[in-house]
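The values are calculated or read from the model by the stated rules, or taken from the named source; none is laboratory data. This structure is a prediction, so every number in the text was calculated from the model and none was measured. Cβ coordinates were reconstructed from backbone atoms using ideal geometry, including for glycine residues, and neighbour counts include every protein chain displayed. Surface accessibility is based on the protein's heavy atoms, side chains included, excluding ligands, DNA and RNA. Shrake-Rupley method; radii C 1.70, N 1.55, O 1.52, S 1.80 Å.
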Amino acid sequence: MERVTAWIQDKNPGLEGPVDAHEDLIEARLIDSMDFLEFIDLLEDISGTSIDLQEVTIDDFRTLARVQERFLAPTA
């Protein structure tokens, strides 16, 4: 998650303090439509897997907790 939070901080230089794991990243405009595909590329790079956009919803990207759970949690 360190790379994800660093990416969010880089995209939002005025952001003070850490992003709460349950903060809505989209409503807070920490990720906007212009950055969304770059964010998906980042998650694919970190996870080492491709994200099929037909199998996800916007809610899968809303919070850091959900991103962790959906894309970065270790597989059994």
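The table that follows gives values for the structure above.
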| read-out | value |
| --- | --- |
| Pairs with Cβ under 6 Å, 6+ apart, first in segment 38-52 and open to solvent by less than 80 Å² (accessible area, probe 1.4 Å), second among the small types (Gly, Ala, Ser) | Glu44/Ser50 |
| Every pair of residues 6+ apart whose Cβ atoms lie under 9 Å, when the first sits in segment 2-14 and is modelled with pLDDT under 95 while the second is among the polar types (S, T, N, Q) | none |
| Scope segment 53-76; condition among the charged types (D, E, K, R) and surrounded by 13 or more Cβ atoms within 10 Å (Cβ to Cβ); matching residues | Asp60, Arg62, Arg66, Arg70 |
| Condition met for Asp20 (part of a helix (DSSP H, G or I) and open to solvent by 80 Å² or more (accessible area, probe 1.4 Å)) | no |
| Matching option when the condition is assigned to a loop (DSSP other than H, G, I, E, B) and either at pLDDT 95 or above or not β-branched (Val, Ile, Thr) (or both), among Leu25, Leu42 | Leu25 |
| Enumeration of residues in segment 53-69 that are among the β-branched types (Val, Ile, Thr) and touching a residue at least 12 places away in the same chain (Cβ under 8 Å) | Val56, Ile58, Thr63, Val67 |
| Some residue of segment 59-69 being part of a loop (DSSP other than H, G, I, E, B) and polar (S, T, N, Q) | yes |
